[in-house]
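Read the structure below first, then the notes.
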Amino acid sequence: MSLEEFLHNLHFDIDKASVPNWEVNWDDAPLPYKLYRGLPVFHLSMEVPLTLAEWNPPSKPDIQSVGHFLWYVYGLTQMSQSVLPLDSTGEESTFMQSYRRYPPSGGALYPNEMYMYLKIKDLPVGIYHYDVSHHSLVLLREGNFDSFIAQALGNRCNISTCFGTVFVSTMFWKNFFKYNNFSYRLQGLDAGVLIGQILEVGKRFGYASGVYFQFLDRAINHLLGLPEQEESVYTIIPLSVEPTNWSTNGNKMNGNHTSDELIDELIAIQPNHYVRSQEVKEYPMVNKMNKASMLESTHSFRLIEEQENNFDGQAISLPHVERLSYDLATVCRNRFSPDMDFVLGKVSQQQLATLINEATTTFSYRNDLDGTLMCQEPRVSIYGCLYNVEGIPNGAYYYDSKTHSLRQIQLGDFRLQLQLGMSLDNVNLLQVPLCLHVAGDKDYFKEAQGFRGYRIQQMEAGILVQQLLLAASAIGFGGHPLLGFNVNLCDEIYKMESQGKTSLIQIPIGPYRNRPWLKGSLNS
(Lines give C-alpha, C1' and ligand atoms only; values in the text may rest on other atoms or scores of the structure.)
Protein backbone atom coordinates (compact mmCIF):
# COMPACT_ATOMS: atom_id res chain seq x y z
CA MET A 1 0.00 0.00 0.00
CA SER A 2 1.41 3.40 -0.98
CA LEU A 3 1.59 6.16 1.62
CA GLU A 4 -0.91 8.26 -0.36
CA GLU A 5 -3.37 5.37 -0.40
CA PHE A 6 -2.77 4.73 3.29
CA LEU A 7 -3.64 8.32 4.26
CA HIS A 8 -6.67 8.32 1.96
CA ASN A 9 -8.01 5.13 3.54
CA LEU A 10 -7.13 6.36 7.01
CA HIS A 11 -9.48 9.27 6.47
CA PHE A 12 -12.21 7.98 4.19
CA ASP A 13 -12.21 4.16 4.52
CA ILE A 14 -10.49 3.02 7.71
CA ASP A 15 -11.28 -0.69 7.16
CA LYS A 16 -8.88 -0.69 4.20
CA ALA A 17 -6.12 0.99 6.20
CA SER A 18 -6.01 -1.34 9.20
CA VAL A 19 -4.90 -4.93 9.65
CA PRO A 20 -7.98 -7.20 9.38
CA ASN A 21 -9.22 -9.26 12.35
CA TRP A 22 -7.29 -7.13 14.82
CA GLU A 23 -7.74 -8.32 18.40
CA VAL A 24 -6.93 -6.11 21.37
CA ASN A 25 -5.00 -7.88 24.13
CA TRP A 26 -5.97 -5.81 27.15
CA ASP A 27 -4.03 -8.11 29.48
CA ASP A 28 -0.83 -7.09 27.70
CA ALA A 29 -1.68 -3.40 27.26
CA PRO A 30 1.14 -0.85 27.64
CA LEU A 31 1.15 1.66 30.45
CA PRO A 32 -0.43 5.02 29.54
CA TYR A 33 2.75 6.70 30.78
CA LYS A 34 6.46 6.11 30.25
CA LEU A 35 8.66 5.01 33.15
CA TYR A 36 12.44 5.45 33.08
CA ARG A 37 14.71 3.38 35.31
CA GLY A 38 18.02 4.10 37.01
CA LEU A 39 18.16 7.85 36.33
CA PRO A 40 18.25 10.91 38.64
CA VAL A 41 14.74 11.95 39.71
CA PHE A 42 13.59 15.38 40.92
CA HIS A 43 10.19 15.27 42.62
CA LEU A 44 7.74 18.11 42.06
CA SER A 45 5.36 19.58 44.62
CA MET A 46 1.75 18.38 44.53
CA GLU A 47 0.60 21.49 46.39
CA VAL A 48 -0.53 23.03 43.14
CA PRO A 49 -2.57 26.26 43.05
CA LEU A 50 -6.29 25.55 42.92
CA THR A 51 -7.05 28.54 40.74
CA LEU A 52 -5.61 29.97 37.52
CA ALA A 53 -7.89 32.97 37.23
CA GLU A 54 -5.17 35.58 36.80
CA TRP A 55 -2.59 35.90 34.04
CA ASN A 56 0.70 36.09 35.91
CA PRO A 57 3.27 38.67 34.79
CA PRO A 58 6.49 37.19 33.38
CA SER A 59 8.85 36.17 36.18
CA LYS A 60 11.88 33.91 36.45
CA PRO A 61 10.55 30.34 36.77
CA ASP A 62 11.75 27.90 39.42
CA ILE A 63 11.20 24.19 39.98
CA GLN A 64 7.97 24.83 41.87
CA SER A 65 6.29 26.95 39.18
CA VAL A 66 7.46 24.61 36.40
CA GLY A 67 6.01 21.70 38.39
CA HIS A 68 2.66 23.49 38.68
CA PHE A 69 2.75 24.23 34.95
CA LEU A 70 3.41 20.57 34.09
CA TRP A 71 0.65 19.30 36.36
CA TYR A 72 -1.98 21.56 34.78
CA VAL A 73 -0.75 20.63 31.33
CA TYR A 74 -0.48 16.84 31.59
CA GLY A 75 -0.56 15.63 35.21
CA LEU A 76 -2.81 12.88 36.53
CA THR A 77 -5.94 14.61 37.79
CA GLN A 78 -8.62 11.94 38.13
CA MET A 79 -9.03 8.20 38.52
CA SER A 80 -11.98 6.64 36.71
CA GLN A 81 -13.48 3.24 37.54
CA SER A 82 -16.16 1.68 35.37
CA VAL A 83 -18.05 -1.59 35.20
CA LEU A 84 -18.92 -2.48 31.62
CA PRO A 85 -21.26 -5.29 30.50
CA LEU A 86 -19.71 -8.00 28.35
CA ASP A 87 -23.00 -9.26 26.93
CA SER A 88 -26.50 -7.99 26.22
CA THR A 89 -27.94 -9.61 29.36
CA GLY A 90 -25.64 -7.70 31.67
CA GLU A 91 -24.89 -10.86 33.62
CA GLU A 92 -21.19 -10.70 32.74
CA SER A 93 -19.19 -7.55 33.18
CA THR A 94 -15.63 -6.31 33.34
CA PHE A 95 -14.02 -3.75 35.61
CA MET A 96 -11.96 -0.99 34.00
CA GLN A 97 -9.81 1.62 35.68
CA SER A 98 -8.14 4.57 33.97
CA TYR A 99 -6.27 7.68 35.00
CA ARG A 100 -7.38 10.95 33.44
CA ARG A 101 -5.65 14.22 32.66
CA TYR A 102 -7.05 17.61 31.75
CA PRO A 103 -6.55 17.29 27.96
CA PRO A 104 -8.72 14.55 26.41
CA SER A 105 -7.21 11.57 24.63
CA GLY A 106 -8.65 8.87 22.38
CA GLY A 107 -9.56 5.96 24.66
CA ALA A 108 -7.71 7.73 27.54
CA LEU A 109 -4.49 6.11 26.23
CA TYR A 110 -2.35 9.30 26.03
CA PRO A 111 0.18 8.29 23.37
CA ASN A 112 2.15 11.51 23.77
CA GLU A 113 5.04 12.12 26.16
CA MET A 114 6.51 15.42 27.35
CA TYR A 115 10.21 16.26 27.61
CA MET A 116 11.77 19.55 28.65
CA TYR A 117 15.10 21.24 28.24
CA LEU A 118 15.31 23.32 31.44
CA LYS A 119 17.60 26.08 32.70
CA ILE A 120 16.03 27.01 36.04
CA LYS A 121 16.96 27.39 39.67
CA ASP A 122 17.35 24.22 41.80
CA LEU A 123 17.80 21.91 38.78
CA PRO A 124 20.88 20.88 36.80
CA VAL A 125 20.71 22.31 33.27
CA GLY A 126 19.70 19.53 30.93
CA ILE A 127 17.08 17.38 29.21
CA TYR A 128 14.26 15.96 31.34
CA HIS A 129 11.31 13.64 30.92
CA TYR A 130 8.10 14.51 32.75
CA ASP A 131 7.17 11.39 34.71
CA VAL A 132 3.40 11.75 34.87
CA SER A 133 2.83 8.82 37.22
CA HIS A 134 5.09 10.25 39.95
CA HIS A 135 4.80 13.95 39.06
CA SER A 136 8.55 14.26 38.79
CA LEU A 137 11.32 15.16 36.36
CA VAL A 138 13.79 12.50 35.24
CA LEU A 139 17.18 13.76 34.07
CA LEU A 140 18.09 12.15 30.74
CA ARG A 141 21.08 14.23 29.64
CA GLU A 142 22.88 16.96 31.59
CA GLY A 143 24.42 19.98 29.90
CA ASN A 144 23.75 23.17 27.95
CA PHE A 145 22.18 22.44 24.56
CA ASP A 146 21.16 25.95 23.45
CA SER A 147 23.19 25.78 20.24
CA PHE A 148 22.15 22.23 19.38
CA ILE A 149 18.42 22.94 19.69
CA ALA A 150 18.69 26.30 17.95
CA GLN A 151 20.45 24.69 14.98
CA ALA A 152 17.89 21.86 14.86
CA LEU A 153 15.25 24.59 14.56
CA GLY A 154 17.17 26.34 11.78
CA ASN A 155 18.17 29.20 14.13
CA ARG A 156 14.60 30.52 14.04
CA CYS A 157 14.40 31.00 17.81
CA ASN A 158 16.90 32.42 20.29
CA ILE A 159 16.97 29.40 22.61
CA SER A 160 19.55 31.07 24.87
CA THR A 161 16.86 33.50 26.09
CA CYS A 162 14.36 30.69 26.80
CA PHE A 163 14.26 29.12 30.27
CA GLY A 164 12.72 25.95 28.87
CA THR A 165 11.82 24.08 25.71
CA VAL A 166 9.01 21.52 25.52
CA PHE A 167 9.25 18.48 23.25
CA VAL A 168 5.99 16.63 22.56
CA SER A 169 6.60 13.11 21.30
CA THR A 170 4.44 10.15 20.30
CA MET A 171 4.97 6.59 21.54
CA PHE A 172 3.45 4.57 18.72
CA TRP A 173 2.59 1.39 20.60
CA LYS A 174 0.66 3.17 23.36
CA ASN A 175 -2.45 3.42 21.23
CA PHE A 176 -1.56 1.23 18.26
CA PHE A 177 -2.22 -1.81 20.46
CA LYS A 178 -5.91 -0.84 20.49
CA TYR A 179 -6.55 1.23 17.37
CA ASN A 180 -4.19 -0.44 14.88
CA ASN A 181 -3.23 1.86 11.97
CA PHE A 182 -6.05 4.25 12.90
CA SER A 183 -3.72 5.26 15.75
CA TYR A 184 -1.67 7.33 13.29
CA ARG A 185 -4.60 9.69 12.80
CA LEU A 186 -5.27 9.81 16.53
CA GLN A 187 -1.66 10.53 17.47
CA GLY A 188 -1.54 13.83 15.61
CA LEU A 189 -4.87 14.96 17.06
CA ASP A 190 -3.84 13.95 20.58
CA ALA A 191 -0.58 15.87 20.18
CA GLY A 192 -2.53 18.92 19.01
CA VAL A 193 -4.88 18.83 21.99
CA LEU A 194 -1.84 18.66 24.28
CA ILE A 195 -0.24 21.61 22.44
CA GLY A 196 -3.45 23.59 22.94
CA GLN A 197 -3.29 22.90 26.67
CA ILE A 198 0.40 23.88 26.83
CA LEU A 199 -0.37 27.20 25.16
CA GLU A 200 -3.31 28.05 27.41
CA VAL A 201 -1.63 27.05 30.68
CA GLY A 202 1.55 28.83 29.61
CA LYS A 203 -0.37 32.10 29.23
CA ARG A 204 -1.56 31.86 32.85
CA PHE A 205 2.04 31.42 34.02
CA GLY A 206 3.28 34.37 31.96
CA TYR A 207 5.22 32.23 29.47
CA ALA A 208 5.69 33.42 25.89
CA SER A 209 5.75 30.50 23.47
CA GLY A 210 6.04 29.49 19.84
CA VAL A 211 5.13 26.20 18.19
CA TYR A 212 7.69 24.69 15.80
CA PHE A 213 6.37 21.91 13.59
CA GLN A 214 9.53 21.82 11.47
CA PHE A 215 12.87 20.69 12.90
CA LEU A 216 15.57 18.10 12.32
CA ASP A 217 13.79 15.02 13.62
CA ARG A 218 16.65 12.56 13.94
CA ALA A 219 18.84 15.13 15.68
CA ILE A 220 16.18 15.93 18.28
CA ASN A 221 15.36 12.25 18.84
CA HIS A 222 19.09 11.64 19.29
CA LEU A 223 19.28 14.45 21.87
CA LEU A 224 16.43 12.87 23.87
CA GLY A 225 17.63 9.30 23.39
CA LEU A 226 14.45 8.15 21.64
CA PRO A 227 14.48 4.96 19.52
CA GLU A 228 12.70 6.15 16.38
CA GLN A 229 10.99 2.82 15.74
CA GLU A 230 9.16 3.31 19.05
CA GLU A 231 8.82 7.05 19.58
CA SER A 232 9.43 10.32 17.76
CA VAL A 233 9.10 14.05 18.56
CA TYR A 234 6.18 15.77 16.81
CA THR A 235 6.62 19.39 17.91
CA ILE A 236 8.95 21.72 19.81
CA ILE A 237 7.70 24.63 21.95
CA PRO A 238 10.27 27.04 23.43
CA LEU A 239 9.12 28.95 26.53
CA SER A 240 10.42 32.34 27.59
CA VAL A 241 9.80 35.13 30.08
CA GLU A 242 12.40 37.37 28.40
CA PRO A 243 12.36 39.19 25.05
CA THR A 244 13.07 36.50 22.45
CA ASN A 245 13.68 36.48 18.72
CA TRP A 246 10.90 34.39 17.13
CA SER A 247 11.46 33.90 13.41
CA THR A 248 9.81 31.86 10.67
CA ASN A 249 12.65 31.96 8.13
CA GLY A 250 15.87 32.24 10.10
CA ASN A 251 17.38 29.25 8.30
CA LYS A 252 17.87 31.31 5.13
CA MET A 253 19.97 33.85 6.98
CA ASN A 254 22.05 31.42 9.05
CA GLY A 255 23.05 28.71 6.61
CA ASN A 256 22.04 25.08 6.40
CA HIS A 257 22.18 22.43 9.13
CA THR A 258 21.62 18.70 8.81
CA SER A 259 20.71 15.93 11.21
CA ASP A 260 23.94 14.05 10.50
CA GLU A 261 26.06 17.07 11.45
CA LEU A 262 24.27 17.57 14.77
CA ILE A 263 24.16 13.87 15.66
CA ASP A 264 27.95 13.74 15.35
CA GLU A 265 28.21 16.43 18.05
CA LEU A 266 26.64 14.31 20.81
CA ILE A 267 27.23 10.80 22.07
CA ALA A 268 24.18 8.54 21.91
CA ILE A 269 22.23 7.71 25.06
CA GLN A 270 19.95 4.72 25.53
CA PRO A 271 18.09 5.23 28.82
CA ASN A 272 16.19 2.21 30.07
CA HIS A 273 12.40 2.53 30.21
CA TYR A 274 9.48 0.25 31.10
CA VAL A 275 6.49 -0.36 28.79
CA ARG A 276 4.78 -3.34 30.51
CA SER A 277 3.66 -5.07 27.30
CA GLN A 278 5.38 -8.44 26.87
CA GLU A 279 4.63 -8.54 23.15
CA VAL A 280 4.92 -5.35 21.12
CA LYS A 281 3.58 -6.02 17.63
CA GLU A 282 5.01 -4.37 14.56
CA TYR A 283 3.41 -1.28 13.00
CA PRO A 284 5.20 -0.95 9.65
CA MET A 285 2.85 1.63 8.08
CA VAL A 286 3.14 3.96 11.06
CA ASN A 287 6.93 3.70 10.91
CA LYS A 288 6.92 4.28 7.14
CA MET A 289 4.79 7.40 7.59
CA ASN A 290 7.05 8.65 10.37
CA LYS A 291 10.19 8.11 8.31
CA ALA A 292 8.66 9.74 5.21
CA SER A 293 7.68 12.77 7.32
CA MET A 294 11.15 13.46 8.70
CA LEU A 295 13.26 16.47 7.73
CA GLU A 296 17.00 15.99 7.27
CA SER A 297 18.04 19.55 6.38
CA THR A 298 16.94 22.99 7.56
CA HIS A 299 16.76 23.98 3.88
CA SER A 300 13.68 21.72 3.76
CA PHE A 301 11.69 24.02 6.05
CA ARG A 302 8.75 25.60 4.21
CA LEU A 303 6.08 28.20 4.93
CA ILE A 304 2.46 27.59 3.96
CA GLU A 305 0.99 30.29 1.77
CA GLU A 306 -2.09 31.97 3.16
CA GLN A 307 -5.30 30.85 1.48
CA GLU A 308 -8.64 32.58 1.57
CA ASN A 309 -11.96 30.85 2.08
CA ASN A 310 -14.66 32.28 -0.17
CA PHE A 311 -18.30 31.44 0.54
CA ASP A 312 -21.25 32.85 -1.36
CA GLY A 313 -23.89 31.64 1.09
CA GLN A 314 -26.17 34.01 2.97
CA ALA A 315 -24.40 35.54 5.96
CA ILE A 316 -25.95 35.64 9.42
CA SER A 317 -24.09 38.09 11.64
CA LEU A 318 -23.49 36.86 15.17
CA PRO A 319 -23.78 39.27 18.12
CA HIS A 320 -20.62 41.04 19.22
CA VAL A 321 -19.16 39.38 22.30
CA GLU A 322 -16.24 40.13 24.58
CA ARG A 323 -13.49 37.66 25.35
CA LEU A 324 -14.33 35.33 28.22
CA SER A 325 -12.67 35.85 31.58
CA TYR A 326 -12.55 32.61 33.52
CA ASP A 327 -10.54 30.51 35.94
CA LEU A 328 -8.72 28.00 33.75
CA ALA A 329 -8.31 25.56 36.65
CA THR A 330 -12.08 25.44 37.23
CA VAL A 331 -12.81 25.14 33.51
CA CYS A 332 -10.37 22.23 33.22
CA ARG A 333 -11.91 20.47 36.22
CA ASN A 334 -15.42 20.96 34.83
CA ARG A 335 -14.63 19.89 31.26
CA PHE A 336 -16.85 16.89 30.52
CA SER A 337 -17.44 14.52 27.60
CA PRO A 338 -21.15 13.76 28.01
CA ASP A 339 -21.44 10.52 25.97
CA MET A 340 -25.17 9.73 26.34
CA ASP A 341 -25.72 12.55 28.83
CA PHE A 342 -26.41 15.37 26.36
CA VAL A 343 -29.77 17.05 26.99
CA LEU A 344 -31.36 19.01 24.17
CA GLY A 345 -31.86 22.62 25.14
CA LYS A 346 -32.24 25.99 23.53
CA VAL A 347 -28.93 27.67 22.65
CA SER A 348 -28.88 31.45 22.45
CA GLN A 349 -27.03 33.36 19.76
CA GLN A 350 -24.97 34.91 22.53
CA GLN A 351 -23.82 31.47 23.72
CA LEU A 352 -23.01 30.31 20.19
CA ALA A 353 -21.14 33.53 19.39
CA THR A 354 -19.18 33.36 22.64
CA LEU A 355 -18.23 29.72 22.10
CA ILE A 356 -16.94 30.12 18.55
CA ASN A 357 -15.35 33.56 19.04
CA GLU A 358 -13.46 32.40 22.13
CA ALA A 359 -12.17 29.26 20.43
CA THR A 360 -11.03 30.95 17.22
CA THR A 361 -9.49 33.94 19.02
CA THR A 362 -7.42 31.77 21.37
CA PHE A 363 -6.45 29.56 18.41
CA SER A 364 -4.27 32.36 17.02
CA TYR A 365 -0.75 31.38 18.05
CA ARG A 366 2.90 31.91 17.04
CA ASN A 367 4.18 29.14 14.74
CA ASP A 368 6.70 28.40 11.99
CA LEU A 369 4.24 27.87 9.13
CA ASP A 370 3.11 31.47 8.61
CA GLY A 371 4.92 34.27 6.84
CA THR A 372 3.95 36.56 9.72
CA LEU A 373 4.26 35.86 13.43
CA MET A 374 0.52 35.30 13.83
CA CYS A 375 -1.67 33.51 11.30
CA GLN A 376 -4.31 35.76 9.76
CA GLU A 377 -6.30 33.06 7.97
CA PRO A 378 -6.43 29.79 9.92
CA ARG A 379 -5.62 26.59 8.06
CA VAL A 380 -8.36 24.73 9.93
CA SER A 381 -11.87 26.11 10.29
CA ILE A 382 -15.22 25.43 11.93
CA TYR A 383 -18.34 24.11 10.25
CA GLY A 384 -21.48 23.16 12.11
CA CYS A 385 -24.89 21.53 11.89
CA LEU A 386 -27.05 23.69 14.16
CA TYR A 387 -30.41 22.78 15.68
CA ASN A 388 -32.59 24.73 18.11
CA VAL A 389 -30.37 27.81 18.13
CA GLU A 390 -32.29 30.98 18.89
CA GLY A 391 -32.94 33.08 15.79
CA ILE A 392 -30.92 30.82 13.43
CA PRO A 393 -32.67 28.39 11.06
CA ASN A 394 -31.69 24.75 11.49
CA GLY A 395 -29.01 23.93 8.96
CA ALA A 396 -25.38 23.50 8.00
CA TYR A 397 -23.08 26.52 8.28
CA TYR A 398 -19.50 27.70 7.92
CA TYR A 399 -18.10 30.11 10.50
CA ASP A 400 -16.42 33.13 8.89
CA SER A 401 -13.93 34.30 11.52
CA LYS A 402 -13.08 37.50 9.65
CA THR A 403 -16.64 38.83 9.79
CA HIS A 404 -17.80 36.86 12.88
CA SER A 405 -20.73 35.48 10.94
CA LEU A 406 -22.27 32.19 9.82
CA ARG A 407 -22.35 31.40 6.11
CA GLN A 408 -25.42 29.34 5.26
CA ILE A 409 -24.62 26.18 3.24
CA GLN A 410 -27.99 24.43 3.33
CA LEU A 411 -31.01 24.39 5.63
CA GLY A 412 -32.44 21.36 7.38
CA ASP A 413 -32.22 19.10 10.41
CA PHE A 414 -29.18 16.87 9.87
CA ARG A 415 -29.12 15.18 13.28
CA LEU A 416 -30.47 11.82 12.09
CA GLN A 417 -28.09 11.72 9.12
CA LEU A 418 -25.15 12.44 11.40
CA GLN A 419 -26.34 9.77 13.85
CA LEU A 420 -26.55 7.16 11.11
CA GLY A 421 -23.04 8.15 10.01
CA MET A 422 -21.48 7.26 13.36
CA SER A 423 -19.59 3.97 13.68
CA LEU A 424 -20.61 3.65 17.35
CA ASP A 425 -23.83 4.84 18.98
CA ASN A 426 -22.01 6.24 22.00
CA VAL A 427 -23.53 9.73 21.65
CA ASN A 428 -27.19 10.55 21.01
CA LEU A 429 -26.89 13.32 18.42
CA LEU A 430 -30.66 13.88 18.50
CA GLN A 431 -30.02 15.52 21.88
CA VAL A 432 -27.21 17.74 20.58
CA PRO A 433 -27.91 21.30 19.35
CA LEU A 434 -24.38 22.01 18.04
CA CYS A 435 -22.58 19.35 16.05
CA LEU A 436 -19.38 21.08 14.97
CA HIS A 437 -16.72 19.86 12.56
CA VAL A 438 -13.14 21.08 12.31
CA ALA A 439 -12.17 21.00 8.63
CA GLY A 440 -8.99 21.50 6.64
CA ASP A 441 -7.54 21.20 3.16
CA LYS A 442 -8.08 17.80 1.58
CA ASP A 443 -4.49 17.65 0.31
CA TYR A 444 -3.07 18.52 3.80
CA PHE A 445 -0.64 21.02 2.17
CA LYS A 446 1.32 18.14 0.68
CA GLU A 447 2.96 20.34 -1.96
CA ALA A 448 4.67 22.47 0.69
CA GLN A 449 5.06 20.01 3.55
CA GLY A 450 5.00 16.54 1.98
CA PHE A 451 3.67 13.76 4.21
CA ARG A 452 4.62 15.84 7.25
CA GLY A 453 1.72 18.10 6.27
CA TYR A 454 -0.78 15.42 7.30
CA ARG A 455 0.37 15.21 10.90
CA ILE A 456 0.75 19.01 11.08
CA GLN A 457 -2.85 19.38 9.94
CA GLN A 458 -4.03 16.87 12.53
CA MET A 459 -2.13 18.74 15.25
CA GLU A 460 -3.63 22.09 14.25
CA ALA A 461 -7.08 20.49 14.29
CA GLY A 462 -6.33 19.18 17.79
CA ILE A 463 -5.31 22.64 19.00
CA LEU A 464 -8.63 24.09 17.78
CA VAL A 465 -10.55 21.18 19.33
CA GLN A 466 -9.00 21.91 22.72
CA GLN A 467 -9.93 25.60 22.45
CA LEU A 468 -13.52 24.61 21.62
CA LEU A 469 -13.68 22.24 24.59
CA LEU A 470 -12.32 24.84 27.02
CA ALA A 471 -14.72 27.50 25.69
CA ALA A 472 -17.63 25.05 25.93
CA SER A 473 -16.75 24.24 29.55
CA ALA A 474 -16.48 27.96 30.36
CA ILE A 475 -20.10 28.56 29.30
CA GLY A 476 -21.42 25.41 31.01
CA PHE A 477 -21.61 23.10 27.96
CA GLY A 478 -20.07 19.70 27.38
CA GLY A 479 -18.15 18.65 24.29
CA HIS A 480 -17.26 15.18 23.03
CA PRO A 481 -14.64 14.85 20.25
CA LEU A 482 -15.40 11.95 17.87
CA LEU A 483 -13.49 10.32 15.04
CA GLY A 484 -15.98 7.51 14.46
CA PHE A 485 -18.05 9.42 11.90
CA ASN A 486 -18.69 9.21 8.16
CA VAL A 487 -16.35 11.80 6.63
CA ASN A 488 -17.88 11.54 3.16
CA LEU A 489 -21.37 12.19 4.56
CA CYS A 490 -20.25 15.30 6.44
CA ASP A 491 -18.29 16.63 3.46
CA GLU A 492 -21.43 16.23 1.36
CA ILE A 493 -23.60 18.06 3.89
CA TYR A 494 -21.18 21.00 3.88
CA LYS A 495 -20.57 20.81 0.08
CA MET A 496 -16.84 20.79 0.72
CA GLU A 497 -15.82 19.21 -2.58
CA SER A 498 -15.83 22.56 -4.39
CA GLN A 499 -13.74 24.10 -1.60
CA GLY A 500 -11.12 21.34 -1.55
CA LYS A 501 -11.85 20.79 2.15
CA THR A 502 -12.65 17.78 4.29
CA SER A 503 -13.96 17.14 7.81
CA LEU A 504 -11.19 16.21 10.24
CA ILE A 505 -13.03 15.65 13.52
CA GLN A 506 -16.60 15.89 14.87
CA ILE A 507 -17.40 17.63 18.17
CA PRO A 508 -20.97 17.52 19.51
CA ILE A 509 -21.44 20.40 21.99
CA GLY A 510 -24.38 21.33 24.19
CA PRO A 511 -26.09 21.17 27.59
CA TYR A 512 -25.85 17.92 29.54
CA ARG A 513 -27.18 16.31 32.70
CA ASN A 514 -24.93 15.47 35.63
CA ARG A 515 -23.83 11.86 35.76
CA PRO A 516 -24.29 9.90 39.02
CA TRP A 517 -20.72 9.18 40.07
CA LEU A 518 -18.20 9.66 42.83
CA LYS A 519 -15.29 11.95 42.05
CA GLY A 520 -12.14 12.77 43.97
CA SER A 521 -9.11 14.95 43.34
CA LEU A 522 -5.61 13.47 42.95
CA ASN A 523 -3.86 16.62 44.17
CA SER A 524 -3.52 17.94 47.71
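The values are calculated or read from the model by the stated rules, or taken from the named source; none is laboratory data. Small disclaimer: the values here were computed from a predicted structure and weren't measured. Every residue, glycine as well, gets a Cβ built from its backbone with ideal geometry; the counts of neighbours run over all protein chains shown. Keep in mind that these areas ignore ligands, DNA and RNA; they rest on the heavy atoms of the full protein, side chains included. Shrake-Rupley method; radii C 1.70, N 1.55, O 1.52, S 1.80 Å.
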Quote the convex hull volume per residue of the range 431-524, based on C-alpha atoms, as a whole number of Å³. 151 Å³
Note on the range 405-469: contact order normalised by length, alpha-carbon pairs under 8 Å, 6 or more apart, percent, works out to 20 percent
Of every hundred units of 1.4 Å-probe accessible area on the chain, the number belonging to carbon and sulfur atoms, as a percent, is 49 percent
Accessible area per residue in Å² at 1.4 Å probe, computed on the chain: 41 Å²
Relative to the chain, whose Cα atoms define the longest principal axis, helix 3-12 and its Cα axis are tilted in degrees, nearest 10, by 40 degrees
Principal-axis tilt of helix 183-204 within the chain, Cα atoms, nearest 10 degrees: 80 degrees
If each of Thr403 and Leu430 carries a label point 7 Å out from its Cα toward its Cβ, how far apart are those two points in nm? 3.6 nm
Cβ under 12 Å from Ser381's Cβ, Ser381 left aside: what net charge do those residues give with Lys, Arg +1 and Asp, Glu -1? -1
Using DSSP to call loops (not H, G, I, E or B), can you name the trypsin sites (Lys or Arg not before Pro) in the range 236-340 whose Cβ has at most 15 other Cβ atoms within 10 angstrom? Arg276, Lys281, Arg323
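Determine the relative contact order of the chain: mean sequence separation of Cα pairs under 8 Å and six or more apart, normalised by residue count, in whole percent.
Working: 1069 pairs, mean separation 88.8, N = 524.
Relative contact order, the chain: 17 percent.
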For the chain, the dipole about the Cα centre with charges only on Cβ (Lys and Arg +1, Asp and Glu -1), to the nearest 20 debye, works out at 880 debye
Per-peptide average of other Cβ atoms within 10 Å, ordering 312-318, 425-431, 176-182, 502-508 highest first: 502-508, 176-182, 425-431, 312-318
Note the angle between two axes, namely the Cα long axis of helix 349-363 and the longest principal axis of the Cα atoms of the chain, as a number of degrees from 0 to 90, rounded to the nearest 10. 20 degrees
Lysines with Cα under 24 Å of Lys291, excluding same-chain neighbours fewer than 8 positions away: Lys16, Lys34, Lys174, Lys178, Lys281, Lys442, Lys446
Along principal axes, Cα extents of the range 300-389, largest first, whole Å: 49, 38, 28
Once every DSSP H run of n ≥ 4 in the chain is given -39500 (n - 2.57) and the sum is divided by its residues, what mean residue ellipticity at 222 nm do you get, rounded to the nearest 500 deg cm²/dmol? -8000 deg cm²/dmol
Dimensions (Å) - the range 243-401, Cα atoms, principal axes, largest first: 64, 48, 35
For the range 143-202 and the range 106-127, what is the centre-to-centre distance using only Cα atoms, to the nearest Å? 10 Å
Segment Phe42-Ser2, extension gain: residue separation times 0.36 nm, minus the distance between their alpha carbons: 9.9 nm
Options (i) 0.94; (ii) 1.07; (iii) 1.13 are given for Cα Rg over 2.2 N^0.38 Å, and the computed one is (i)
